[in-house]
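Undergrad: Okay, handing you the structure first.
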Amino acid sequence: MKIAAYEENGVVITVHPAPALFDENSRDRVELAAMGIIFENEEEVYNFIFTKDIPGEKLFITMEDSELPEPAFRNAWEINNNLIIINLDKAKEITHAKRKEIRAEEFKPHDAIIALQIPGNDHNAAEAERVKIREKYAAIQNDINSCPDVNSLKLIYDSLRG
Amino acid sequence: MSQGFTSALNLPLPVASGGTGVTTSTGTGSTVLSNSPTLVTPSLGVATGTSFNGLTGAATQADQETATSTTTYVSPGRQQYHPSAAKFWVVYTSTPTLTTSYNVSSISNVGTGLVQVNFTTAFSSANYSIAGLSNTASSNSLVFVQARNTGSCQLQVTLANTGAAQARDVTACGFGDQ
């Protein structure tokens, strides 16, 4: 299926047509025909959809949906030379945010022991665990910062998913 | 004498002379003379009339939108105009890929977990109802209506525990006036 993409406020927006509009026997097509909107070929269907669903005056590109880049870095997409590419710096920001989110989850039980001073718990052991976690994610932070490309960054991102 | 009388008859006997005037017939039983005949399993071609069993004809779009008539019947081509009928429905994946839909021309991937559903035929106002669910059981996610316009609506999925935006499979539908 062909899709369209355009930028708005620095964000890439992709438009995915409904398969029902390409089936001339679908209810949607029957209702459009009743309104006098009849298509001779697929190109006319695409034109109808993209003209209607992309804000006026916006320049857009079209591509096959299989050509979309890694969705995990969706907010790092940019349009460049009629292609959607991933901005590596923005992708690193996304990965850092994921790192912090996962680290916070690991900190949580130890934070509770330390912050609440729960009797019967070894506060020193909790603090030692926190140090280990901090060091582990500091190393990951360095790995992210030194990542040379999106593919290796994606491996780190996936390892953070738990 | 009897033989001579028979030969003088003009057959078939015309209606004006009390006859039927017909030369062919189909079926069996009585000749229809009454204004309110009882017909058993008749086969009718294209029939016209002012009412049938109390019904006056197919409901128009206006009949459906007013939704008060009890003397018109609902045809498949107009049932969708009734207030109780969904004006759109859509199923899309986390990618997002539009799986199936009604009255949806496309979906726009606006941001992480934020999808705009574009309607083929717009609502008449933005005061319409939307129901939406994220159908990934393990996601612990919520679906919010981020924006609601006559020609489109935006649905945002977030995690219930952190509020973080997440791309998830979604099913949604909407009710209102077109």
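Read-outs throughout are calculated quantities, based only on the coordinates presented, and are distinct from any laboratory measurement. Every value quoted in this text rests on a predicted model; they were computed, and no experiment measured them. Backbone-built Cβ (ideal geometry, glycine too); neighbour counts: all protein chains shown.
Undergrad: Just subtract the alpha-carbon distance of residue A:105 and residue A:85 from 0.36 nm times their residue separation and send over the number in nm, one decimal.
TA: Values: separation 20, 0.36 × 20 = 7.20 nm, distance 3.13 nm.
Separation in residues times 0.36 nm, less the Cα-Cα distance, equals 4.1 nm.
Undergrad: Also, I was wondering about something else. Which value, in debye to the nearest 20, gives the size of the charge dipole of region A:1-142 about its Cα centre, when Lys and Arg are +1 and Asp and Glu are -1 at the Cβ?
TA: Charge dipole, region A:1-142, about its Cα centre: 920 debye, nearest 20.
Undergrad: Right, another one. Filter the cross-link list A:108/A:132; A:92/A:136; A:100/A:136; A:108/A:154; A:108/A:136 down to pairs whose alpha-carbon distance in this structure exceeds 21 Å. Mind showing how you got there, number by number?
TA: On the way: A:108/A:132 14 Å; A:92/A:136 18 Å; A:100/A:136 12 Å; A:108/A:154 26 Å; A:108/A:136 15 Å.
Result: A:108/A:154 exceed 21 Å.
Undergrad: Using label points projected 7 Å from each Cα along Cα→Cβ, tell me how many nm separate residue A:145 and residue B:75, to one decimal.
TA: If labels sit at residue A:145 and residue B:75, their model points lie 7.2 nm apart.
Undergrad: Let me ask something additional. Work through the residues other than residue A:5 whose Cβ is under 14 Å from its Cβ and net out their charges, Lys, Arg +1 and Asp, Glu -1. Could the numbers behind the result be given before it?
TA: On the way: positive: A:2, A:58, A:74; negative: A:7, A:8, A:53, A:64, A:65, A:67, A:78.
Local charge sum for residue A:5: -4.
Undergrad: In addition: Size of the dipole of the protein assembly as shown about the Cα centre, Lys and Arg at +1 and Asp and Glu at -1 on the beta carbon, nothing else charged, in debye to 20? Write down the numbers at each step before the final one.
TA: Details: 23 positive and 34 negative charges, 155 e Å.
Dipole size: approximately 740 debye.
Undergrad: Separate question: In nm, what is the difference between 0.36 nm times the number of residues separating residue B:16 and residue B:28 and their Cα-Cα distance? All intermediate terms of the calculation are to be shown ahead of the outcome.
TA: Numbers: separation 12, 0.36 × 12 = 4.32 nm, distance 2.35 nm.
Result for the pair: 2.0 nm of gain on full extension.
Undergrad: Out of B:41, B:128, B:28, whose Cα points farthest toward the positive end of the dipole of chain B (charges: +1 Lys, Arg; -1 Asp, Glu; placed on Cβ)?
TA: In chain B, that residue is B:128.
Undergrad: Expressed as a rounded percentage, what relative contact order does chain B have, with Cα pairs under 8 Å and six or more residues apart?
TA: Working: 295 pairs, mean separation 31.9, N = 178.
RCO, chain B: 18 percent.
Undergrad: Please name which of B:99, B:112, B:61 has its Cα lying farthest along the dipole of chain B towards the positive end, using unit charges on Cβ (Lys, Arg +1; Asp, Glu -1) and the Cα centre as origin.
TA: B:112
Undergrad: Going by C-beta contacts inside 10 Å, put B:63, A:23, A:65 in order with the fewest on the left. It would help to have the intermediate numbers written out before the result.
TA: Numbers: B:63 20, A:23 12, A:65 15.
Ranked by crowding around the Cβ, least crowded first: A:23, A:65, B:63.
Undergrad: Can you give the alpha-carbon Rg of chain A over 2.2 N^0.38 Å, where N counts its residues? Please list the in-between numbers first.
TA: Numbers: Rg = 24.2 Å, N = 162, 2.2 N^0.38 = 15.2 Å.
Cα Rg divided by the expected 2.2 N^0.38 Å: 1.59.
Undergrad: Lysines near residue A:52 by alpha-carbon distance under 23 Å, same-chain residues fewer than 8 away left out - which ones?
TA: List returned: A:2, B:87.
Undergrad: Name all residues of region A:1-27 having a backbone nitrogen under 19 Å from the label point set 7 Å from the Cα of residue A:33 along its Cα→Cβ direction, giving them as ranges.
TA: Within reach of a label on residue A:33, which here means backbone N under 19 Å from a point 7 Å along Cα→Cβ, region A:1-27 contributes A:18-27.
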